[in-house]
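Colleague: Pasting a structure here, questions to come.
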Amino acid sequence: MSPQPSPDEFSWNDGFLLGYPPMDAVHEEFVGLVGAMKTASDADLPALLDRFAVHAKDHFQAEDAWMEQTDFPARECHVGEHAAVLSSVMAVQQQLKDGGDCTSARRLVTHLEAWFPGHADYLDAALSHWMCKLRWGGKPVVVRRNLPGSAAAVRAPE
Ligand SMILES: [Fe+2]
Ligand SMILES: [Fe+2]
């Protein structure tokens, strides 16, 4: 089933924080770029997709390298998701370069918006815990501000 486009803007909030600062910084950039593509005109979308492709390569390579360098267990699924998403991004980039319209790019943006929260909560959160434990000896504590429906939330991510 295709993901349904959200009528709302896709923007960063503290609900996305996972507690490992280098990863959170990369994720904020991801959300910013997907949000920008979501509201971009057809004229602006190809250049934004090019920027996003550079981001995605760096983002996924960094996480893959953290997993490899620290011998993270059972990393194949996570690495495989990165490779599948990057391959879709590059295919749509090529379609645009070949003169295609923005239909595939807009569908890709909808998929990215739907894909990221689950990927972050499930696969990236486990890696964030792992990196924090290796670096600081414990689970990350995340302070989340301005979440919808609450003034503040402090919790260790699942
Ligand atoms: Fe990530
Ligand atoms: Fe990831």
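Just so it is clear, none of the values below were taken in a lab; they were calculated from the coordinates. None of the values given here were measured: they were computed from a predicted structure. Don't worry about glycine lacking a Cβ; one is built from the backbone with ideal geometry, like all the others, and counts go over all protein chains shown.
Residue by residue, here is whether (1) within 16 Å of the chain's Cα centre (by Cα); (2) acidic (Asp, Glu); (3) closer than 14 Å to Phe116 by Cα; (4) crowded, with 18+ Cβ neighbours inside 10 Å holds:
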{"residue": "Ala47", "(1), (2), (3), (4)": "no, no, no, no"}
{"residue": "Arg51", "(1), (2), (3), (4)": "yes, no, no, no"}
{"residue": "Val54", "(1), (2), (3), (4)": "yes, no, no, no"}
{"residue": "Gln61", "(1), (2), (3), (4)": "yes, no, no, no"}
{"residue": "Met67", "(1), (2), (3), (4)": "no, no, no, yes"}
{"residue": "Gln95", "(1), (2), (3), (4)": "no, no, no, no"}
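Colleague: Identify, by number, the condition in (1) in contact (Cβ under 8 Å) with a residue 60 or more places away in the chain; (2) of a type in the set (A, V, I, L, M, F, W, C); (3) within 14 Å of ligand 2 (Cβ to nearest atom) that Met37 doesn't meet.
Modeller: (3)
Colleague: On to the next question. Residues to consider are Thr70, Thr103; find the one that is under 15 Å from Ala126 (Cα atoms) and among the hydroxyl-bearing types (Ser, Thr, Tyr).
Modeller: Thr70
Colleague: Here is a further query. Please find, within segment 110-139, the residue that is surrounded by the fewest Cβ atoms within 10 Å (Cβ to Cβ) out of those that are touching a Ser or Thr at 6+ places or on another chain (Cβ under 8 Å) and over 17 Å from Asp71 (Cβ atoms).
Modeller: Out of the qualifying residues, it is His111.
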